[in-house]
Amino acid sequence: MAKDDQGLLRPDLWELLLPAIKAARQAGRDFAAGNAYVPRQPLVAYRQNDAGWPQVTKDTLGMGTKSDLIDWSELFDVNENRFTRILVGKVPPLADAVREISRRAMGDPDLLRGVSILAPRMADHDEAEVRGQAEFEIARRLVGVILNRADALGAETDDELRAIYQQLERARFAKELSGDIVVPLVAVAFVSHDPVHIDGNVWIERLTEADHRVRALNWLQQDELSPWVAAGATHAVVVRGVTFPNTLRDLNEQIPFTLFEDEVRNTTEAVHIVTEKATGYAQVLVRPDGWAANWMQDLPPLWAAWRGRAYPDVLSGRQWANEMTPIDAAQIADIARIAKSLKAAPKNVQMAARRLRRTTFRDSAEDQVLDVAIGIEALVGKEVDALTHRMAQRAAIALARRIPAAATYNLLKQFYSIRSAIAHGSEPKSWTVKVGDDKLNGVQIGLFLLRELLQNRLLGDDPWDAGSLDERMLESFGRPADDDEGNEQEA
């Protein structure tokens, strides 16, 4: 073993690969010099729309723009066919390495799993087929991937090639991996170019153009996820410095995102509480620490750990993408404070925040009203049968510094008239509430009150609950509260 190889997890593999990589590279360059039809690595360019939203997607079916770089993962074939460009057997050092690595892998499950995704899953195939699959992946998905990155970086020396191999080796053989969890927030933009600290190892960070190019989804999706919505993010919630079991080679396994999901949820809820903007995410990425599952040319090796629609369906229409109004510095500061407060808040406050954001996922006013009512009751309800009069009083006391107490009291009671009709299976007589001579949308008033209560509770220096609001009320009135329950309206 060479002295420089002591830090490798599988120096035996690198010892076989290095001469194969050099020989393959020379054979590929000779082939490219005499052929017009050479596979090229795809090029994903950065794009944004007129409003400034990133709109980067990948082309499908190999028909998109190509770079000048050879796509080494498409250059070599173990078995000759009519599409073969370079037969592995025509490059002796490459052929020797592919055969020897596959031979060793047949008796070394860890090595087989590291050099091939499919071969370890071919238990119902004979040994020759399993070994053939391993050889195919060694030539294309190991040697080819290393050479793709080497060309993109201009890596020529043994040490430079070894550094590329070492990152790939860690992704394939390490028991644990570490890095930063990166969750782009769609449909919201922030003015900040500098990272914003939320709490502990949680930050909001601006995504770079390189990040957008790496995380781009194919423009033609076959599921409910819109690649254009996924692309429309300027910043991400980042949970820095996490360690997780290495499941990159398990086809059906993902990182245990549930360990970090609370941090992301707190931030998305804080964004909605402060700005009223609907947001969510479509991807969970990992920014590796010293390893790489793959690369796109010379770009950062962001690993796509998950994708799906964790954002409100209303965003799929993309009306929001017609303009961009970034969240300003003062609002960002409030978002950071609220996200931090939510982490330590009691369950009733967390439930209220969750219900408020859940309204953005609803497609009916009835469901929104019920979500809002649950949130308000979680914050200012205390009785088993939550009484509207009591809750209205407490809400009025909580918001008295921002809204006249009588206005809060009357608005909440009117909102609860709408809620009571829905809860009892009836159509509300009116979906509006009265303020003087004006009539306002009752659902929007409910959302407004819940958002104001959450802001007041989570931004205040003296967190309150239903009991402490009762104490404030007694101190304010200087007399016992009216507890004639016969005059109170049941919720």
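The values are calculated or read from the model by the stated rules, or taken from the named source; none is laboratory data. These figures come from a predicted structure and were not determined experimentally. Here the Cβ is made from the backbone with ideal geometry for all residues, glycine too, and neighbour counts use every protein chain on show. Surface accessibility is based on the protein's heavy atoms, side chains included, excluding ligands, DNA and RNA. Shrake-Rupley method; radii C 1.70, N 1.55, O 1.52, S 1.80 Å.
Odds and ends about this structure:
- MRE, 222 nm, helices only [DSSP H, n ≥ 4, -39500 (n - 2.57), over the chain, to nearest 500]: -13500 deg cm²/dmol
- Taking Cβ atoms as reference points and 13 Å as the exclusive limit, the residues near R47 contribute a net charge of -1, counting Lys and Arg as +1 and Asp and Glu as -1.
- Protein-only accessible surface order, largest first, of E377, E276 at 1.4 Å: E276, E377
- Debye-sum result for the stretch 185-269 in log10 I(q)/I(0), which assumes one identical scatterer on each alpha carbon, at q = 0.24 Å⁻¹: -1.32
- Distance from the stretch 106-121 to the stretch 354-392 (C-alpha centre basis), Å: 54
- Share of alpha-carbon pairs per 5 Å distance bin for the stretch 206-323, given as whole %: 2, 9, 19, 23, 22, 15, 7, 3, 0
- Pairwise centroid distance, computed over Cα atoms, of the stretch 231-281 with the stretch 175-199, Å: 8
- For the stretch 400-439, the spread of Cα positions along the three principal axes, ordered from largest to smallest, is 36, 20, 10 Å.
- Each residue of the stretch 272-380 gets 170 Å³ once the volume of the Cα convex hull is shared out per residue.
- P(r) tail fraction, the stretch 136-235 - alpha-carbon pairs more than 19 Å apart, %: 63
- For T432, distant residues with modelled amide H under 5 Å away: G442
- Subtracting the Cα-Cα distance of A36 and K382 from their residue separation scaled by 0.36 nm leaves 116.9 nm.
- Each principal axis of the Cα cloud of the chain was evaluated for its coordinate range; sorted largest first, these ranges are 95, 45, 43 Å.
- Accessible area (Å², per residue) of the stretch 106-196, counting only protein heavy atoms and a probe of 1.4 Å: 41
- Average projected area [Cα convex hull, the stretch 410-483], square nanometres: 6.8
- Cβ-defined net charge surrounding E100, 13 Å radius [Lys, Arg +1; Asp, Glu -1]: -1
- Column: log10 I(q)/I(0), Debye, Cα scatterers of the stretch 1-138, q = 0.09, 0.21 Å⁻¹: -0.39, -1.24
- For the cross-link pairs K382/K413; K22/K90; K277/K429; K277/K340; K413/K439; K347/K382, the ones whose C-alpha atoms lie over 21 Å apart are K277/K429.
- Pairwise Cα distances in the stretch 307-449 exceed 23 Å for 44 percent of all pairs.
- Carbon and sulfur %, accessible surface of the chain computed with the full protein complex present, 1.4 Å: 47
- Normalised by the number of residues in the chain, the average gap of Cα pairs under 8 Å and 6 or more apart makes the relative contact order 13 percent.
- Taking every C-alpha pair closer than 8 Å and separated by at least 6 residues, the mean separation divided by the residue count of the stretch 1-116 gives a relative contact order of 25 percent.
- Helix axis angle, 347-358 relative to the chain longest principal axis, alpha carbon, degrees: 70
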